[in-house]
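Enquirer: Please find one structure pasted underneath; my questions will follow.
Where a number appears in this text, it was derived from the coordinates with a stated rule and is not lab data. Since the model is a prediction, treat every value here as computed from it, not as a measurement. Heads up, the Cβs are rebuilt from the backbone with ideal geometry, glycines too, and the neighbour counts pull from every protein chain shown.
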Amino acid sequence: MVPTAQSPKPAKASNALQIWELVRYLFRYGRVMHGPVLPLAIAASISRAGLIFSINEVATRQQQGWQPFALLALSVVSTLGFSHFGRIYKRRLTETIQRDLRVNLTRLLLEADVDFLQQRDHGQVYSVVVRETGTVAESAVRVIGTLESLLLLAVCAPYLFWLSWVTGLATVVAVSIGAVGFFLTDKPARFYVRRAVKATGDFCDRVNDVLGGWMELRLNRRRRDDLEEDARRLADGALRNSVAAERLFSLGETLTQTSMIGLLCAVVVVLPLIHGGGTATMFQVLTLVLFTSGPIETVFGDLPRLSRAAASKRVIDELEQALVAGRSPAGAAHAPNPGFRSIELRGVTAVLGEENAAQSDDSFHLGPIDLTFRPGETVFICGGNGSGKTTLLSLITGLRAPDSGEILLDGEPLRAEDRSRFRSLFSAVFAQFHLFRKYYGLTPEEKRALDGHIGEFALAGRVRMLEEEFSTLSLSTGQKRRLALAVALAESRPIIVLDEFAADQDPARRAWFYDVLVPRMAAAGHLVLVVTHDEHRFHQCDRLIRMETGRVVSDTRVDPGRLRLAE
């Protein structure tokens, strides 16, 4: 599991500090210190240094026995072997880090409260979970490669100064030029990286619009064209900013390459003049410079990629901090509640809107609400659009904590740590429900009950239960809602919440819902909470709650006979 509490506060971190925090994260939490990756990198660096030394030995001392050749063969084999296994374990490390990041973010999303899920742009979240985690995971390979190159340089630098102090100084100058190039281009490049990340997240939001609103888009060509233009604009923005960042990063790398090419030219042209044309020394130095120029370019080539990854890690940290701050308190693991005697809302209020919504004239205020529910009741909730029915349901079900007042379960105030267990009392089909393809959370007995409800709800000809999932979800809206109800009933929770369930059903199904299903659920001891506008069915409930502008204007016991006369 990837820790979150230790994540840095990215808003206060400099660019260099963010790269350092990324490296520290990878070594401390990213499994770099676990497994054979780091030992393989060290061994590869040492064997490559041995390869350089053995080549020079073979080239300059061919008449002194077989030992230099044996050292060369051993260095070649070990270098190739360590590099081969290093690449394999680097890939495993990358995939493991990405897995850990995604699992951790998924866990935090599952623990997030309703306010976060309603207010956060889902496309931005999707982009972070899918794209930015991959960028951070890939940086582990860059870090190992950079470390491997630095180790090789640390071994070869003294050897280079021993062969030629002039070339050693020239190499230091070349490396300094590369460092200057990186630090000059890094900050502006990171600015464009952040803009590209933002544009990519916004583009994911547009993709959600395309998938979620495909019917509306097919009916309105101008809306479709506007959405297409907006998606193109965002994609162009992501492209433009990514290219701008790459242009700056590439400029830094070009400065490094220029300095290394200049170093090679200096070795070939200047060194013979200094050493009086000695070919042996020049050959040794040139071999060493050729072998070390690659690692030097690797270091300065990887730094921009680490800078990109640090920007991605900053975005991940920001999302993690928001998720931790908006996390619903989690209680201990538990089995579903066996039942309840009463649920009471006492002086409960809620305010909907932006931050500081309580002081805003544009916010929606619900309450204070005083209601009590008991098992076996059938309660209808009605009211116009915007009257607060959905918000009331979120409070009753524990999906949202009240801003003031309290909820009592069996006479005891509901604590934050009890909210998860409290929610296990409910099964629901909300107005904006989601139908899962797989049978998440269902026991074998509940799966058998689900199969029976599918047949009872006349869905057997459209969908079948496979081993792990439904055969299809290509159903009409009414069929999907009936399938969602079948799942809710299979869970057999004490409370059933149905938000405008009958609205998508044909007259026969609607009549069966009110005349058969609802009375049967109540007779089985369930508390049945139904949001409905079917006024001609109001006589079929035990209680009728009417809402207007966030207030309960009436909560009456229904006299079926009197209501029928009124009709």
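Enquirer: Run the numbers for residue 458 and residue 476: contour at 0.36 nm per residue of separation, minus the present Cα-Cα distance, in nm.
Expert: The residue 458-residue 476 span can extend by a further 5.2 nm.
Enquirer: Show me 304-314, 232-242, 93-103 ranked by packing, highest mean number of other Cβ atoms within 10 Å first.
Expert: Those peptides, ordered most packed to least, come out 304-314, 93-103, 232-242.
Enquirer: Would you mind putting 189-195, 493-499, 338-344 in packing order, based on average other-beta-carbon counts within 10 Å, highest first? Don't skip to the end; give the middle numbers.
Expert: Numbers: 189-195: 20.1, 493-499: 22.3, 338-344: 14.6.
Averaged packing, sorted descending, gives the order 493-499, 189-195, 338-344.
Enquirer: Of the options 405, 454, 395, report the single residue whose Cα projects farthest towards the positive end of the charge dipole of segment 387-457 (beta-carbon charges: Lys, Arg +1; Asp, Glu -1).
Expert: Projecting each Cα onto the dipole axis, the largest value belongs to 454.
Enquirer: A further question follows. Where nothing but the Cβ of Lys and Arg (+1) and of Asp and Glu (-1) is charged, how large is the charge dipole of segment 98-213 around its Cα centre, in debye to the nearest 20?
Expert: Details: 12 positive and 12 negative charges, 61 e Å.
In total the dipole reaches around 300 debye.
Enquirer: Continuing with this model, one more query. Can you tell me what the convex hull of the Cα atoms of segment 478-555 projects to on average, as an area in nm²?
Expert: 5.6
Enquirer: If you count the DSSP beta bridges with both ends in segment 463-567, what percent of them are antiparallel, to the nearest 5?
Expert: 60
Enquirer: Now a separate question. Report the local net charge at residue 416: Lys and Arg +1, Asp and Glu -1, summed over other residues whose C-beta lies under 14 Å from its C-beta.
Expert: Counting the neighbours of residue 416, the net charge comes to -1.
Enquirer: Enter the Cα centre distance for the pair segment 96-111 and segment 496-542, rounded to the nearest angstrom.
Expert: If we compute the Cα centre of each part, the gap is 39 Å.
Enquirer: Checking the cross-link filter: which aspartates and glutamates have an alpha carbon closer than 19 Å to that of residue 447, excluding same-chain neighbours under 8 positions apart?
Expert: Within reach: 456, 467, 468, 469, 491.
Enquirer: Where a ≥ b ≥ c are the square roots of the eigenvalues of the C-alpha gyration tensor, would you call segment 143-185 rounded, which needs a/c under 1.5, or, failing that, prolate if a/b is larger than b/c, or oblate?
Expert: Oblate is the answer for segment 143-185, as a/c is 1.5 or above yet b/c matches or exceeds a/b.
Enquirer: Arranged by the count of other C-beta atoms within 10 angstrom, fewest first, what order do 420, 54, 139 take? Please report the intermediate quantities before stating the final value.
Expert: Working: 420 17, 54 21, 139 28.
Fewest-to-most ranking of 420, 54, 139: 420, 54, 139.
Enquirer: Also: Hey, got a sec? Which chymotrypsin sites (Phe, Trp or Tyr not before Pro) in segment 66-169 land in a DSSP loop and have at most 16 other Cβ atoms within 10 Å?
Expert: Qualifying residues, ordered by number: 66.
Enquirer: Let me ask another. With just the Cα atoms defining each centre, how far is segment 200-242 from segment 382-418? Give it in Å.
Expert: 36
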